[in-house]
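J.: Please find one structure pasted underneath; my questions will follow.
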Amino acid sequence: MKINIDLKKTALVALNVVLGAYLVLAVTAFNEPADKKQVCGEVKVDIADNVVDGFLNADEIKLMLKRKGLYPLGKPMSEVDIRAIEEALRRSPFVADAQCFKTVAGRVDIKLTQRMPVIRVMADNGDDYYIDNHGGIMQNTKYVSDIVVATGPIGRNYARKVLTGVGNAIVADRFWHNQVVQVNVLADGTVEIVPRVGDNIVYLGSPGGIGRKLDRLAKFYKYGLSRVGWDRYSYISLEFDNQIICKKRGRAGSAAN
């Protein structure tokens, strides 16, 4: 009786071992050919916070990965190295973070968060770089974008602490984002802007409260210059809170409350 029980236990263990080995081989045989045969048929690039055009887009990401031999389209999914893709993208000066995923449908998803350049600095000392929306310095590259240029005696500390606020205020407002083409930093740290429309210079004085000053200037444009003409004044000053001082072409300045 005892022998029969031992034989049954031995047979049961052997059967479990055989079944386990069969399942492992079956799963391996099922998965391996499919993994080797399946190729990446689609690459989806999702760029968050895509406010400034021309710095990051799907075509640029494609070229960036192709140069490094990492673009996954057409490759077997088993050979797509998502970690290598993430690391390559994170080395870009315009990428804050990158995440890459494979899907069972043969698609590779790439999700990017970009650093947002808000102003380009072309300083008198030869420095040429971008400032992002958090005050970080981004190296100059071949990228071309419609972004405000700041000129003058600009140190990097001033750029990070002061021009970041100026750039953010301009980018946040669609009208000023399209209207301002240049910010001139003067020797005393005050600033003036060069508008796209109208042949004049706008002096803002201290860069503090830049948003409030731009709001005042927008009202002056709407209710003042739109009536008398955009080129009537050569110089407009918003240095003082309670008035706007304008200089007519070839004449002394006049003040408007």
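The values are calculated or read from the model by the stated rules, or taken from the named source; none is laboratory data. None of these values were measured; they are calculated from a predicted model. As a convention, Cβ positions derive from the backbone with ideal geometry for all residues, glycine included, and neighbour counts pool all protein chains shown. To get the accessible areas, we keep the full protein, side chains included, count just its heavy atoms, and leave off ligands, DNA and RNA. Shrake-Rupley method; radii C 1.70, N 1.55, O 1.52, S 1.80 Å.
J.: Looking at the structure I just gave you, is GLY224 part of a helix (DSSP H, G or I), small (Gly, Ala, Ser) and within 23 Å of VAL121 (Cβ to Cβ)? I'd like the intermediate steps shown before the answer.
T.: Values: part of a helix (DSSP H, G or I): yes; small (Gly, Ala, Ser): yes; within 23 Å of VAL121 (Cβ to Cβ): no.
When the stated conditions are applied, GLY224 does not pass them.
J.: Among the residues of the range 55-83, which ones are of a type in the set (D, E, K, R) and under 18 Å from the mean Cα position of the chain (by Cα)? Steps first, please.
T.: Quick first cut of the range 55-83, residues of a type in the set (D, E, K, R) only: 59-60, 62, 66-68, 75, 79, 81, 83.
Those that are of a type in the set (D, E, K, R) and under 18 Å from the mean Cα position of the chain (by Cα): ASP59, GLU60, LYS62.
Every residue, every condition in (1) open to solvent by 70 Å² or more (accessible area, probe 1.4 Å); (2) at pLDDT 70 or above; (3) within 25 Å of ASN133 (Cα to Cα); (4) among the aliphatic types (A, V, I, L, M), yes or no:
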{"residue": "VAL17", "(1), (2), (3), (4)": "yes, no, no, yes"}
{"residue": "ALA21", "(1), (2), (3), (4)": "no, no, no, yes"}
{"residue": "ASN31", "(1), (2), (3), (4)": "yes, no, no, no"}
{"residue": "CYS40", "(1), (2), (3), (4)": "no, yes, no, no"}
{"residue": "GLU60", "(1), (2), (3), (4)": "no, yes, yes, no"}
{"residue": "LYS66", "(1), (2), (3), (4)": "yes, yes, no, no"}
{"residue": "GLY69", "(1), (2), (3), (4)": "no, yes, no, no"}
{"residue": "ALA88", "(1), (2), (3), (4)": "no, yes, yes, yes"}
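J.: Based on what the data block shows, is VAL80 surrounded by fewer than 21 Cβ atoms within 10 Å (Cβ to Cβ) and of a type in the set (A, V, I, L, M, F, W, C)?
T.: Values: surrounded by fewer than 21 Cβ atoms within 10 Å (Cβ to Cβ): yes; of a type in the set (A, V, I, L, M, F, W, C): yes.
Judged against the criteria, VAL80 is a match.
J.: Something else now. Being part of a strand (DSSP E or B), among the aliphatic types (A, V, I, L, M) and over 15 Å from GLN243 (Cα atoms) is the filter here, so list the residues in the range 177-221 that pass it. Break it down into steps so the answer makes sense when it comes.
T.: Going through the range 177-221, the residues part of a strand (DSSP E or B) turn out to be 180-185, 191-195, 201-205.
Filter once more, keeping what is among the aliphatic types (A, V, I, L, M): 180-181, 183, 185, 191, 193-194, 201-202, 204.
Scanning the range 177-221 gives VAL180, VAL181, VAL183, VAL185, VAL191, ILE193, VAL194, ILE201.
J.: Here is a follow-up. Working only within the range 114-135, note down all residues that are within 30 Å of ARG83 (Cβ to Cβ) and surrounded by fewer than 16 Cβ atoms within 10 Å (Cβ to Cβ).
T.: HIS134
J.: Here is a further query. Condition first: hydroxyl-bearing (Ser, Thr, Tyr) and closer than 18 Å to ARG196 by Cβ. Now tell me which residues in the range 209-249 satisfy that. Show your work before the answer.
T.: Our first condition is that a residue be hydroxyl-bearing (Ser, Thr, Tyr); within the range 209-249, this holds for 221, 223, 226, 233-235, 237.
Within the range 209-249, TYR221, SER226, TYR233, SER234, TYR235 qualify.
J.: Step by step: first the residues of the range 90-109, then only those that are within 9 Å of the chain's Cα centre (by Cα) and part of a strand (DSSP E or B), then the one that is surrounded by the fewest Cβ atoms within 10 Å (Cβ to Cβ). Which residue is that? Give the derivation first.
T.: In the first step, residues of the range 90-109 are kept if they are within 9 Å of the chain's Cα centre (by Cα); the result is 94-96.
Narrowing further to those that are part of a strand (DSSP E or B): 95-96.
Numbers: VAL95: 20, ALA96: 16.
Of everything passing the filter in the range 90-109, ALA96 is surrounded by the fewest Cβ atoms within 10 Å (Cβ to Cβ).
J.: Has the range 110-128 got any residue that is within 17 Å of the chain's Cα centre (by Cα) and assigned to a loop (DSSP other than H, G, I, E, B)?
T.: Within the range 110-128, one or more residues are within 17 Å of the chain's Cα centre (by Cα) and assigned to a loop (DSSP other than H, G, I, E, B).
J.: Take the residues in the range 183-210 that are modelled with pLDDT under 90 and surrounded by fewer than 18 Cβ atoms within 10 Å (Cβ to Cβ); name whichever of them is nearest to LEU163 (Cα to Cα).
T.: GLY208
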